[in-house]
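The structure is given below, and queries will be raised subsequently.
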Amino acid sequence: MSIINKAAAIGGGVIGAGWVARLLLNGIDVSIFDPDPEASRKVSEVMKGARRAYKQMVPGGLPKEGKLTFAKTIAEAVADADFIQESVPERLDLKHRVLAEIDLYAPANAIVGSSTSGIKPTDMQVAMKKHPERLVVGHPFNPVYLLPLVEIVGGEQTFPEAIEVAKEIYASIGMKPVVIRKEIEAFVGDRLLEAAWREALWLIKDGICTVEELDDIMRYGFGLRWAQMGMFQVYRVAGGEAGMRHFMAQFGPCLKWPWTKLMDVPEFNDELVDLIATQSDDQAHGLSIRELEKIRDDNLVAIMDALSKQNKGKGWGAGALHKDYTKQLAKLAAKKPAASRAAEKAKASKPVKKAEKPKKKKKG
Ligand SMILES: NC(=O)c1ccc[n+]([C@@H]2O[C@H](COP(=O)([O-])OP(=O)(O)OC[C@H]3O[C@@H](n4cnc5c(N)ncnc54)[C@H](O)[C@@H]3O)[C@@H](O)[C@H]2O)c1
């Protein structure tokens, strides 16, 4: 069950609204600040999609939803929150402004998570003059209400305790926190995605394949393998009975040829954007973004559901977590009012000891 009593979301775009949905559907009250006059409509669209997906996951009925409040300022949004997730656009100057304000007005013990896709927490927490030690990167994947992964990254000033509490918080809302051992730009997920995306842009630009053909190559092939075993375990199996050592011996040397374009980036001009966007329009066959979101969500729920039945019913990978999460939601739904226990637990937990001096981060 969640250890969050009250959450705040700063930024309610694609990612912020996804966080709001996950939190509300776990019965947690959320206060949101987003200056976009359309924010309320956009968040409610995402909520509609998330409710629809969760109804499939927990057919017996969902927990009582948390209450959503639109605040007029960051100060108002964070005033009594014990967990704050920042999801404003990816610009360091803006992150600095917003995090400085969050830091000024949030309770000293509140944990602050940033959704940044690649900015190092050390570079962001310099703007937090009061309690930089409670900032962590909590990098999610879209749609936040369904995909469980959150990469947690601490900066030079982050207390190890803050990372521990952040892990607990994210796990309590059904997520899989993975703590990144060393702080680097773009962490792990986006390092991989960027390399694949750069290569994909070259393949389209050079006319080797269309966007649809490239997506087919992923979704009919290795994409299916990745979803259930990742990269290394799949390659272990691909090495035959001799496993990983044989696989490395066979394919390692090819990396030196190399097949790929490595760090070259295709020029991002109008011609490339038109080429990709036009092929992407053709691929969509007239389906709107909202229709595609529904298809994506249904597929994700179905995949996680299928994986939850594997491994002699114990579930495998994301399916094992999905099994536990859906059970947790069903239990929460059976117990109303939902929030009282969580509130007690949140009061008992002191995320970051405010009087402590920043400790040296553990090496490794
Ligand atoms: N889109 C993705 O797939 C994805 C995935 C993981 C992480 N992220 C990260 O999440 C963050 C948000 O990305 P997004 O895709 O949701 O962007 P977005 O453009 O969809 O949403 C950003 C929102 O922030 C609001 N905003 C702007 N200034 C603000 C301010 N001063 N205070 C509060 N809100 C403000 C905007 O009105 C907008 O609604 C970025 O750091 C991004 O790198 C994005």
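Going by Cα centres, the stretch 300-333 and the stretch 102-136 are how many Å apart?
A separation of 33 Å, based on Cα centres.
Taking the mean number of other Cβ atoms within 10 Å as a proxy for protection, how do you rank 184-192, 20-28, 117-125, 251-259 from highest to lowest?
20-28, 117-125, 184-192, 251-259
Ranked by Cβ crowding within 10 angstrom, fewest neighbours first, how are His322, His96 ordered? Provide the component values of the computation, followed by the final result.
Details: His322 23, His96 16.
Placing the least packed residue first, the sequence is His96, His322.
Now for a different question. Report ³J(HN,Hα) in whole Hz for each residue of the stretch 41-49, in order, from the Karplus equation J = 6.51 cos²θ - 1.76 cosθ + 1.60 where θ = phi - 60°; Gly and Pro get x.
5, 5, 5, 5, 4, 5, 4, 4, x
According to the Cα gyration tensor, what semi-axes, each the square root of 5 times an eigenvalue, does the equivalent ellipsoid of the stretch 105-154 have, listed from largest to smallest in whole Å?
Computed over the stretch 105-154, the values are 22, 13, 8 Å.
Something else now. Once the mean 1/r over all distinct Cα pairs of the stretch 15-172 is inverted, what Kirkwood radius in angstroms do you read off?
15.9 Å
Helix 92-105 versus the longest principal axis of the chain: what angle, 0 to 90°, nearest 10, using Cα atoms?
Helix 92-105 sits at roughly 20 degrees to that axis.
Taking neighbour Cβ counts within 10 Å as the exposure measure, how do Ser172, Ser280, Ser288 sort from fewest upward?
Taking fewest neighbouring Cβ atoms as first place, the list is Ser288, Ser280, Ser172.
Taking the Cβ of each residue in Tyr170, Tyr105 as the centre, tally the other Cβ atoms inside 10 Å and list the residues starting with the fewest.
With the fewest neighbours first, Tyr170, Tyr105 line up as Tyr105, Tyr170.
Averaged over all directions, how much area does the convex hull of the C-alpha atoms of the stretch 189-286 cover when projected, in nm²? All intermediate terms of the calculation are to be shown ahead of the outcome.
On the way: hull surface 31.1 nm².
The orientation-averaged projected area of the Cα hull of the stretch 189-286 comes to 7.8 nm².
Any number yet on Rg/Rh for the chain, C-alpha, Kirkwood?
Details: Rg = 21.6 Å, Rh = 22.1 Å.
My calculation of the ratio gives 0.98.
Percent relative contact order of the chain, based on C-alpha pairs within less than 8 angstrom and at least six residues apart?
20 percent
Could you pull out the trypsin sites (Lys or Arg not before Pro) across the stretch 41-82 that fall in loop regions by DSSP (anything but H, G, I, E, B) with no more than 16 other Cβ atoms inside 10 Å?
Here the trypsin sites (Lys or Arg not before Pro) that fit, given the DSSP loop and packing criteria, are Lys64, Lys67, Lys72.
Can you grab the distance from the C-alpha centre of the stretch 185-227 to the C-alpha centre of the stretch 1-78, Å, no decimals?
Here the two parts' Cα centres lie 31 Å apart.
As I understand it, the value is the acute angle between the Cα axis of helix 160-172 and the longest principal axis of the Cα atoms of the chain; what does it come to in degrees, rounded to 10?
80 degrees
What is the mean projected area of the alpha carbon convex hull for the stretch 253-297, to one decimal in square nanometres?
Mean orientational projected area (the stretch 253-297, Cα hull): 5.6 nm².
Using θ = phi - 60° and the Karplus curve 6.51 cos²θ - 1.76 cosθ + 1.60, what whole-Hz ³J(HN,Hα) does each residue of the stretch 146-156 get, with Gly and Pro shown as x?
Result, rounded to whole Hz: 10, 6, x, 5, 9, 7, 9, 10, x, x, 4.
Now for a separate question. Quick one: if the Förster radius is 35 Å, what FRET efficiency do Ile208 and Glu76 give, using the C-beta to C-beta distance and rounding to 0.05?
Working: r = 52 Å, r/R0 = 1.50.
Rounded to the nearest 0.05, the efficiency is 0.10.
Can you tell me, using C-alpha contacts under 8 Å and at least 6 residues apart, the relative contact order of the stretch 189-286 as a whole percent? All intermediate terms of the calculation are to be shown ahead of the outcome.
Numbers: 45 pairs, mean separation 36.4, N = 98.
Relative contact order for the stretch 189-286 comes out at 37 percent.
How many lysine pairs in the stretch 44-134, separated by 8 or more positions in sequence or lying on different chains, have Cα atoms less than 22 Å apart?
Close lysine pairs found across the stretch 44-134: 10.
If you don't mind, another one. If you split all Cα-Cα distances of the stretch 6-94 into 10 Å bins from zero, what percentages do you get per bin, shortest first?
The distribution over the stretch 6-94 is 18, 51, 25, 5, 0, given as percents.
No lab work stands behind these numbers, since they all come straight from the coordinates. From a predicted model like this one, the values you see are computed outputs, not experimental measurements. In this analysis, Cβ positions are derived from the backbone assuming ideal geometry, glycine residues included, and neighbour counts consider all displayed protein chains.
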